[in-house]
Amino acid sequence: MAQQPEVVKQSELLNQFVLDRSTMAELGQVEVLWMYPKVHRVLGFICKSGWLGQKKTAFNLDQLHTIGQNGILVNSRPVDTDVEKVRQLETLVGWEVWTDAGNKAGKIIDYLFNLRTGVIEHYLFTTSDWSGITGSAYLLPSNYVLKLGNRRVLVSEEAIRSFTLYREGIQEKLTKMTGFLQEEKSQVTQELRSLFSQAKTATETARG
């Protein structure tokens, strides 16, 4: 495999064009990554092609040679599959995150995995109910998942407080912006008061 980033985000591969490295023939686009949630590992990906993307082909992860800015190069031919099998593929994206204290923490929106081994190192979950658009995204280490099932994953209430912030949400950014504007307003007010005081002193001096 050519030099590649060691860890990639699942969503960065979706809809990428797939080319056969030996012939440079276009094989379609990445539709979904297939994974084994119980061991938190990516096994490969499904490519769609043909009329309305009806033709489905499967690639193992080790067939992937290069990920570029405009597409993916693969080493060997894919294996045919069908729509029904693709629908049965499991993924934790979209699953709710709950704590062992009975609190809903958010929802998984993406994950980061090792391109060479397929091991999922972190899930990304958001505190928002709007598909991650407005909420902050946090890194959830895969080994912190205690249980999974029924489209929910369970994590420790204590551990979730230490999770690293991956991306700030709109609300957090607005709060920071409000604080910045308030500081700017306070500074401008102080400067205006200082100028007014200086002008008043100068006026009194002139009158004297």
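The values are calculated or read from the model by the stated rules, or taken from the named source; none is laboratory data. Remember, it's a predicted structure, so these values are computed and weren't measured experimentally. Cβ coordinates were reconstructed from backbone atoms using ideal geometry, including for glycine residues, and neighbour counts include every protein chain displayed. Quick note on the areas: whole protein, heavy atoms, side chains included, nothing else; ligands and nucleic acids left out. Shrake-Rupley method; radii C 1.70, N 1.55, O 1.52, S 1.80 Å.
In the range 76-121, carbon and sulfur make up what percent of the accessible area (probe 1.4 Å)? Roughly 48 percent of what the probe reaches on the range 76-121 is carbon or sulfur. Packing-based ranking of 51-57, 62-68 yields 62-68, 51-57, ordered from highest to lowest mean Cβ neighbour count within 10 Å.
Taking all protein chains together, Ser136, Ser11 sort by accessible area into Ser11, Ser136, largest first [probe 1.4 Å]. Within the assembled protein chains, the solvent-accessible surface assigned to Arg41 is about 90 Å², based on a 1.4 Å probe. Summed over all non-identical Cα pairs, the Kirkwood treatment of the range 1-123 gives a radius of 15.2 Å. Expressed in units of 2.2 N^0.38 Å, where N is the residue count, the Cα radius of gyration of the range 13-67 is 1.15. Once the dipole of the range 15-58 is set up with Lys and Arg at +1 and Asp and Glu at -1 on Cβ about the Cα centre, which of Gly28, Phe45, Asn15 lies farthest towards its positive end? About the Cα centre, the residue reaching furthest to the positive side is Phe45.
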